[in-house]
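Taken together, the values in this text are just the output of simple stated rules run on the coordinates, not laboratory data. Just so it is clear, the structure is predicted and the values come from calculations on it, not from any experiment. Neighbour counts are summed over all protein chains in view; Cβ atoms, including those assigned to glycine, are modelled from backbone coordinates with ideal geometry.
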């Protein structure tokens with residue numbers, strides 16, 4: 001992405017993973033999994049409407065000077081292992097923090113042959129910096145590849161037990 | 001067909017690549033908006049969108065009465081990992097070997 005106009009206010013990502021819905025639910029909501037793909041930090045989910053969500057930075061990010069809390073938000077809707085709706089705000093960057101909360105929806109649907117379809121809808125509203133980050137537009141600056149990188153990492157981890165990009169979250 | 005086959009087949013057509021470019025420029029468009037950019041019948045555009053959806057490159061979401069089309073970059077990312085990173089790594093390591101050999105000779 002080179003221009004801000006290339007980024008819509010809603011982003012939709014879909015990936016097919018050969019794993020049961022419960023495994024995907026756990027991989028999204030439990031630290032033992034979230035530390036192994038994507039940005040690689042622990043998470044705290046209070047899985048009830050109104051519950052708090054905290055996404056922590058990884059050890060590597062803190063070693064580079066990041067604060068303890070990377071993202072925060074509130075759980076809005078919980079239907080395990082099928083649907084999770086929450087708010088989401090980048091808390092570690094003042095500019096993105098000031099742009100406020102966005103809305104994330106995970107839809108986890110069982111398909112044939114042990115395949116599960118994961119659809120992530122990120123309603124970004126007026127948060128151009130976060131939209132750029134989550135679309136992968138800051139990957140070359142070392143800010144990770146956004147949702148497609150996170151979800152590809154989730155797929156690789158659940159299908160192979162390996163991390164897609166071990167260097168990405170040390 | 002495998003997932004990769006569906007993606008390569010979808011990408012093999014210039015109209016479908018053009019539709020992806022349109023969504024890259026601005027995501028979440030209706031069929032009517034996409035159709036206005038193409039010299040093609042509505043039915044023709046629908047057929048192309050269907051191929052893109054089957055390959056996972058486009059995800060359609062309902063928003064009120066409208067059906068919006070979103071570009072999903074993940075299948076292209078997976079192809080990239082599978083077909084491009086792999087060969088680029090080999091290519092890069094061959095160059096590094098060459099560099100080491102040349103430096104050893106010097």
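Taking a ≥ b ≥ c as the square roots of the eigenvalues of the Cα gyration tensor, an a/c ratio below 1.5 marks chain A as rounded. The simple spin-label model puts a point 7 Å past each Cα toward its Cβ; for residue B:39 and residue B:81 those points are separated by 4.1 nm. Neighbour counting of Cβ atoms within 10 Å sorts the residues B:32, A:102, A:119, B:2, fewest neighbours leading, into B:2, B:32, A:119, A:102. If R0 equals 51 Å, the separation of the Cβ atoms of residue A:101 and residue B:95 corresponds to a calculated FRET efficiency of about 0.65.
For the range B:1-72, the Kirkwood estimate of hydrodynamic radius, built from reciprocal distances between every pair of different alpha carbons, is 12.2 Å. For residue A:79 and residue A:126, the FRET efficiency from 1/(1 + (r/R0)^6), where r spans their Cβ atoms and R0 equals 25 Å, is about 0.30.
Counts of other chain beta carbons within 10 angstrom of each beta carbon in peptide B:64-77 average 5. Rounded if a/c is under 1.5, else prolate if a/b beats b/c, else oblate: with a ≥ b ≥ c from the C-alpha gyration tensor eigenvalues square-rooted, which is the range A:117-170? The shape class here is oblate. For chain A, find the longest principal axis of its Cα atoms and tell me its angle to the long axis of helix A:146-160, 0 to 90°, nearest 10. Rounded to the nearest ten degrees, it is 30.
For the range B:40-88, the calculated P(r) over all alpha carbon pairs, in 5 Å bins from 0 to the bin holding the longest distance, is 5, 19, 18, 20, 15, 10, 7, 4, 2, 0 percent. Think of it as helices only: each DSSP H run of n ≥ 4 in chain A is worth -39500 (n - 2.57), and spread over all residues that comes to -7000 deg cm²/dmol at 222 nm.
Rounded to the nearest 0.05, what FRET efficiency do residue A:141 and residue B:24 give with R0 = 25 Å and r taken as the Cβ-Cβ distance? Could you check? With R0 = 25 Å, the Cβ-Cβ based efficiency is 0.80. Taking each DSSP H run with n ≥ 4 as -39500 (n - 2.57) and averaging over every residue of chain B yields -18500 deg cm²/dmol at 222 nm.
With the simple model of a label 7 Å out from the Cα in the direction of the Cβ, residue A:62 to residue B:66 spans 4.4 nm.
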